[in-house]
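The values are calculated or read from the model by the stated rules, or taken from the named source; none is laboratory data. This is a predicted model, so every value here is computed, not measured. No Cβ is skipped: glycine too gets one built from the backbone with ideal geometry, and neighbour counts run over all protein chains shown.
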Amino acid sequence: MNDTAIEHRILVIRGLRVMLDADLAELYNVPTKRLNEQVKRNMVRFPSDFVFRLTAAEKVEVVANCDHLAGLKFSKTLPHAFTEHGAIMAACVLNSPRAVEMSVFIVRAFIKLRETLSTSRALAGKLAELEEKVGSHNGKIQAIISTIRMLMGEKDASPRRKIGFK
């Protein structure tokens, strides 16, 4: 599995980048039921900032927006959402070679998304700065044009003495 395949499974829910239990279980090569059993048995290791359950509305939205999660549509239980730290902790409680191996890929995918986001924020800041500079120049240019128009109007209105013989 490559990093981009994992990146596509990372969703933003409640302002957090998370992976759903079904995707995490698939990556760790265990049934979703077993993953959730381990989370339930080790709840002390999974505080609310590591894992949380989706609401019914969030589940409907996720199923509607993610084609690969269409199987969740008919599930009676609400899925768990794991943050980066929750995904690593899940690998620890599963304690399988596949889970340990995949946790490295998952961490790399989260890091890559974080770097991309920070680059986007820096670019947005530079664009705002550029807009501000252009906006201030725009006002100065308008003042210059208005002064030129005023000077052009004065020259035309003043009477001039004709040059030459009468």
Do you know which residues across region 14-57 are surrounded by fewer than 17 Cβ atoms within 10 Å (Cβ to Cβ) and of a type in the set (Val, Ile, Thr)?
Val44, Thr55
Looking only at region 105-122, count every residue that is surrounded by fewer than 21 Cβ atoms within 10 Å (Cβ to Cβ) and under 23 Å from Val44 (Cα atoms) and tell me the total.
1
In the list Arg160, Arg149, Arg121, which residue meets the criterion of being at pLDDT below 75 and in a loop (DSSP other than H, G, I, E, B)?
Arg160
Please name all residue pairs, on different chains or six or more residues apart, with Cβ atoms under 8 Å, provided the first residue is in region 104-118 and is aliphatic (A, V, I, L, M) and the second residue is outside any helix (DSSP H, G or I) and at pLDDT 75 or above.
Ile106/Met19; Ala109/Ile10; Leu113/Ile10; Leu113/Arg17
Helices (runs of 4 or more DSSP H) wholly in region 32-110 with at least 3 residues that are over 21 Å from the mean Cα position of the chain (by Cα) - which ones?
32-41, 84-94
Take the conditions at positive phi and touching a helix residue (DSSP H, G or I) at 6+ places or on another chain (Cβ under 7 Å) and apply them to Asn29. Does it pass?
yes
With respect to Val18, is the statement that it is aliphatic (A, V, I, L, M) and part of a loop (DSSP other than H, G, I, E, B) true?
no
What number of residues within region 51-93 satisfy the criterion of being touching a residue at least 40 places away in the same chain (Cβ under 8 Å), of a type in the set (A, V, I, L, M, F, W, C) and closer than 14 Å to Ala25 by Cα?
10
